[in-house]
Amino acid sequence: MIRKLLRRVFKGDAAPIAPPGTPSTPVVIPVTRHGITRERILPGARRTCEFLQQAGHKAFVVGGAVRDLIAGIVPKDYDIATDATPNQVHMLFRRSRLIGRRFQIVHVMQGGETLEVSTFRAAHDADTVKDEHGRVLRDNVFGTQADDAARRDFTVNALYYDPATETVIDYHHGVADLQQKVLRMIGEPRARYREDPVRMLRAVRLSAKLGLTLDPLLSAPIQEMAGLIENVPPARLFDEMLKLLFSGHAVECVKRLRDEGLHHGLLPLLDVILEQPLGEKFVMLSLASTDARVKAGKSLSPGYLFATLLWHEVLANWEIRKGRGESAMPAMFEAMDEILDLQAEKLAITRRVAGDIKDIWMLQPRFEKRVGKSPFRLLEQPRFRAGYDFLLLRAQSGEIDMELADWWLAFQSADEAAREAMLLPENDPKKRRRRVRGKKANANPAADLPVTGSAD
Ligand code: ATP
Ligand code: MG
């Protein structure tokens, strides 16, 4: 009923996000229906809510944490929403600091935990500053709890949990949507994408993470509006892509990005990579191993991941350059620079990450040199491990012979004498064979790297 009414109210792109029809009486859901007992809440989040409530304020755990707890997932972070102003919050908590100039939030430190506390915010009004495509540049109006719920993106993200009563306050039927496994937009999807195109990526990421299907109303405009993502500042896009790729569900996310027609232009050329049989296998293997690392709680390196995503672009660019008669190694370095520059325009890959990417790429030709002192020097490189993992992925995807990766595995664990014995003689026939085969079949564009130059 309410949803029907909402749809009527939100008809048309120009509709405001929280017009007077926004539901102001939420459904209050008891613990028997949502299952979040107060013991399941991070102690610091609970204490923060209790403290604010004792001081006479409203305070709730909000957003992703409530959603994840209902879905049986351990939340990544906890947000608290309150009717106290940032200054009031800051005054109440000795260990807290005000963050942000335009719209202040408060970081409250509780033991080893940091909680993000924000004041109820309203959706923008007539004074909201937007760019020429309708993207909201500034929204900084305090509001009621109902306003705060309406400005959030998806119904499952607009849930407020009160640890004192163990109830969930639900303005937009988020609990029902979560239980029915549907991701639904609050308000009119086109208008919401126009305000913030990143919501398209969030829809894909959160639906993959939670195993939700996209409401047809939410997914219908995506393909047509995907171009708006180009107007998002590169730094934000980079953050969002990292969240997506490090979500632990990257393989599923990429599949869904494709289904929604969103894989074009995000990592410029990602679409091209995914269309090359070798490139696709390589990227998918890399994403699957990233997912496995996330699930095992291991550390993650953006540099390594982006190095894998872009590697086949480097190879393709390098082939073109060699075809133009450029000599192999300088052409390789030019190709690396060109591909990184292209990405930087869209994604604002930080300087540090770009440095890591290049380090890993530049080690690759050196793995092919198995004569003299070269392998010993390579072992001592600080990025050897990442370089070797990258080499293994290349072998697993069929780009290079597994024999090379096996050799390096054995070389790493061998003692000094055994290592010496493993070295190939200069002018080893294997090297020549590989060069000839690589050129003939043209299946391995990097096969002639070792013979044609040195990256030492
Ligand atoms: P996760 O933390 O699992 O990545 P999340 O939904 O919690 O997902 P956050 O970035 O932590 O994402 O955002 C916290 C909450 O802020 C969301 O649950 C949502 O209510 C709101 N929010 C975040 N981004 C947007 C957006 N682009 N538009 C509207 N609301 C948003
Ligand atoms: Mg979150």
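Values in this text are rule-based calculations from the coordinates and carry no lab data. Note that the coordinates shown come from a computational prediction; the quantities given were computed from them, not determined experimentally. All Cβ positions, glycine included, derive from the backbone under ideal geometry; neighbour counts span all protein chains shown.
For this structure, a couple of remarks:
- Segment 63-98 and segment 278-350: distance between their alpha carbon centers, rounded to Å: 38 Å
- Amide H contacts under 5 Å for Leu159, placed H, 5+ residues apart: Gly63
- More than 23 angstrom apart: percent of Cα pairs within segment 162-318: 43 percent
- Ranked by the mean number of other Cβ atoms within 10 Å of their residues, highest first, the peptides 212-218, 318-324 come out as 212-218, 318-324.
- Cα-only Debye scattering, segment 283-354: base-10 log of I(q)/I(0) at q = 0.13, 0.17 Å⁻¹: -0.46, -0.71
- Look at the alpha carbon pairs under 8 Å that are at least 6 residues apart: their mean separation over the length of segment 99-218 gives a relative contact order of 18 percent.
- Under-5 Å amide H pairs with Phe154, H placed in peptide plane, nonlocal only: Ile186
- In Hz, Karplus ³J(HN,Hα) per residue of segment 414-423 (6.51, -1.76, 1.60; θ = phi - 60°; x = Gly, Pro): 6, 7, 4, 5, 5, 4, 4, 5, 7, 4
- Among the listed pairs Lys281/Lys358; Lys58/Lys298; Lys346/Lys373, those whose Cα-Cα separation exceeds 30 Å are Lys58/Lys298; Lys346/Lys373.
- Debye-formula intensities of segment 302-422, expressed as log10 I(q)/I(0) at q = 0.11, 0.17, 0.23 Å⁻¹, are -0.40, -0.90, -1.36 (one equal scatterer per alpha-carbon, no solvent).
- Across segment 217-225, computed HN-Hα scalar couplings (Karplus, 6.51 cos²θ - 1.76 cosθ + 1.60, θ = phi - 60°) run 5, 6, 8, 3, x, 4, 4, 6, 9 Hz from first to last residue, x flagging Gly and Pro.
- Proximal aspartates and glutamates relative to Lys322, as straight alpha-carbon distance under 17 Å, when same-chain residues fewer than 8 apart are discounted: Glu313, Glu334, Asp337, Glu338, Asp448
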